[in-house]
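Here is the structure we will look at.
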Amino acid sequence: MGGQGESPKEEIHREEPQRPQTIQTLQTPRPPQTPPPVQRPPSNGGDLRPLGELFRDTWDLFKARFVTLICLYLFSIVLLVVVTGVFVGAGFILVPMVPLRKEILIGGGSFVAIIAGSIAMFWGIAAFTFAAVDETLGIRDALNNAWRRVRSYMWVSFLFTFIVGGGFLLLFIPGLIFLVWFLFFQFVLVAEDEKGMAAILKSKEYVRGNWFAVFFRVFILWLISAGLGFIPVAGPILSILLVPFMVIFVKLIYDDLRESKRKIVIHPLSVGARAKWIGAGALGYAALPVILFFMMGASLTIPLLMFKSMMSNPGGQFTITKKEGGSSFRTKPGPQRPQESVQVIGTKESGSQVPSGASPFREAKKTEPTGEARIIRDGVAETFILETGFFSDTRLANPRRASVQFQVPAEKHSNARRIEMALDVTKAGEHPVDGNYVRDTFMGKSPEALEQENKPKFQYIADGGQIFFPKDSCTIVVTSPYTGTPDGVFAGEVKDCVVTSAGITHTLSAQFRMVGVSSR
């Protein structure tokens, strides 16, 4: 009995080294005794779990990870809003205190706000992705991991957006193909530590042979999301709550693809390989003007022909008649009118002629008004020229809330000194300016709200861009109201107005005069 019992043990002992046959095959270069199983290439989603099972597994993970994921997702939105708001607000706050033009401060603050807000938002989104990939991570651990990888996440996201966006500009179909190919780039980055184009192209290799299966599953998910978004009132809320579900859904597809293609290796990419895909995206942006030109060319043909016909035959009737092979355009002569007398206006050199009876006001609107102001600041007199044009603050289209700007030419590496007024220029007499009101509402109210209240405004801007508001109050006296006629004169004065900014005060007096009609 004992000998019979020992014999099997010896046989088992001899066979134990043969059990991990597959492991030996992988660890040693010796060919295996039997050929390895042939890896079946994925086809038609055969390696992806069925749609019903995919939804069921996604729902289970969604319930377990909802709090963590929704908190990180909302946190990324809050980061974007708060950080952007802080930098934009800082630009507005510094306007009265820093000797620079307000356009520079506000524009620079907005630019920095966009950069800082984007970094903060990508930090939150990267943490959201980390928590979706690793089910053991809490909010703090996800944020810590994401902070170390936020630059890589931003770069690969930029590449993805650039290439896919360029593909969509190439008449949509290439963009759709790129979108499905590169859909899993963020999971490759987080789970496999691949960066840049390597993460994007590894996603493409996972999708190879499964494009339609992946597209079908994602398209069904998109239809559900779009349907929920159309629900009144609750739709936007449900769309936000559905974001973690969608990310888990796509992540599970990635898990299936990764499991079916374990041996995918992306070798170091050459410069040409990177340039090929970046060039594919750039091609879409380069082709956009050409596409727009051809799309708009046909629509512009008819208006141009109509304009040409009307210019060659004033008063005629333009008609379009259709015939085989296209359309024809012709103009019917208008009714004959007696010859109008023409009165020459202006100098002989100008050669400008206006038919008698034409509105001189209409002709005057082609030129901007002229004028100047004599400014006395702390006893020193200067001449400020009326500033008109697109970048000026002179606007008289609504004369009951007009703004007028006078300034001196700016020296090199400096800004122009100027005064700006806003008031009802059609009303003669005194226009009291409340300095406290102007100063307090400089950042607190929109231009529309100020226009409705219709209170006068007066301010002086030094050559460093520093804005001086009236310290208490001052009065703008209109001696000649604005009439809106070409030879109309708008004139007035300001006497001994004390303006202040950051503890610096000046005493200003001004006499101003403007002739003509403003086109703005």
Looking at (1) among the charged types (D, E, K, R); (2) surrounded by fewer than 19 Cβ atoms within 10 Å (Cβ to Cβ); (3) farther than 21 Å from PHE130 by Cα, can you tell me which one ARG217 breaks? (2)
What are the pairs with Cβ atoms under 6 angstrom where one residue, in segment 393-418, is more than 15 Å from THR383 (Cα to Cα) and the other, located anywhere, is at pLDDT 85 or above and aromatic (Phe, Trp, Tyr)? Sequence gap at least six, or different chains. PRO399/TYR482
Of the conditions (1) over 30 Å from GLY89 (Cβ atoms); (2) surrounded by 20 or more Cβ atoms within 10 Å (Cβ to Cβ); (3) touching a Lys or Arg at 6+ places or on another chain (Cβ under 7 Å), the single one that VAL207 does not satisfy is (3)
Extreme residue, nearest to LYS195 (Cα to Cα), among residues of segment 121-179 that are among the aromatic types (Phe, Trp, Tyr) and surrounded by fewer than 19 Cβ atoms within 10 Å (Cβ to Cβ): TRP155
Every listed condition ((1) modelled with pLDDT of 80 or more; (2) farther than 23 Å from PHE219 by Cβ; (3) among the hydroxyl-bearing types (Ser, Thr, Tyr)) holds for THR28 save (1)
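Just need a number here: residues in segment 161-174 that are under 17 Å from PHE215 (Cβ atoms) and either assigned to a helix (DSSP H, G or I) or in contact with a strand residue (DSSP E or B) (Cβ under 8 Å, 6 or more places away or on another chain) (or both). Quick ask: steps written out before the conclusion?
Here is the first cut: in segment 161-174, the ones under 17 Å from PHE215 (Cβ atoms) are 164, 167-168, 172-174.
Okay, now just the ones that are also either assigned to a helix (DSSP H, G or I) or in contact with a strand residue (DSSP E or B) (Cβ under 8 Å, 6 or more places away or on another chain) (or both), so 164, 167-168, 173-174.
Within segment 161-174, residues that are under 17 Å from PHE215 (Cβ atoms) and either assigned to a helix (DSSP H, G or I) or in contact with a strand residue (DSSP E or B) (Cβ under 8 Å, 6 or more places away or on another chain) (or both) number 5.
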Do any residues in segment 236-251 that are crowded, with 20+ Cβ neighbours inside 10 Å have Cβ atoms under 8 Å from those of residues that are part of a helix (DSSP H, G or I) and of a type in the set (D, E, K, R), where the two are at least six apart or on different chains, and which pairs are they? PRO244/ARG65; ILE248/ARG65; PHE249/ARG217
Would you mind telling me which numbered condition in (1) surrounded by fewer than 17 Cβ atoms within 10 Å (Cβ to Cβ); (2) assigned to a loop (DSSP other than H, G, I, E, B) LEU48 fails? (1)
What is the number of the single condition among (1) exposed (fewer than 12 other Cβ atoms within 10 Å of the Cβ); (2) at pLDDT 90 or above that PRO232 does not meet? (2)
Strands (runs of 3 or more DSSP E) wholly inside segment 315-431 that include at least 3 residues being modelled with pLDDT of 70 or more and under 23 Å from ALA462 (Cβ atoms): 370-377, 380-386, 402-407, 418-423
Filter segment 72-87 down to the residues that are of a type in the set (A, V, I, L, M, F, W, C) and buried (at least 18 other Cβ atoms within 10 Å of the Cβ), then identify the one that is modelled with the lowest pLDDT. PHE87
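Condition first: farther than 19 Å from ILE419 by Cβ and surrounded by 14 or more Cβ atoms within 10 Å (Cβ to Cβ). Now tell me which residues in segment 482-515 satisfy that.
Going residue by residue through segment 482-515, those that are farther than 19 Å from ILE419 by Cβ are 483-488, 503.
Answer for segment 482-515, where residues must be farther than 19 Å from ILE419 by Cβ and surrounded by 14 or more Cβ atoms within 10 Å (Cβ to Cβ): THR483, GLY484, PRO486, GLY488.
The values are calculated or read from the model by the stated rules, or taken from the named source; none is laboratory data. Small disclaimer: the values here were computed from a predicted structure and weren't measured. For neighbour counting, all protein chains shown are included, and Cβ atoms are generated from backbone atoms with ideal geometry for every residue, glycine included.
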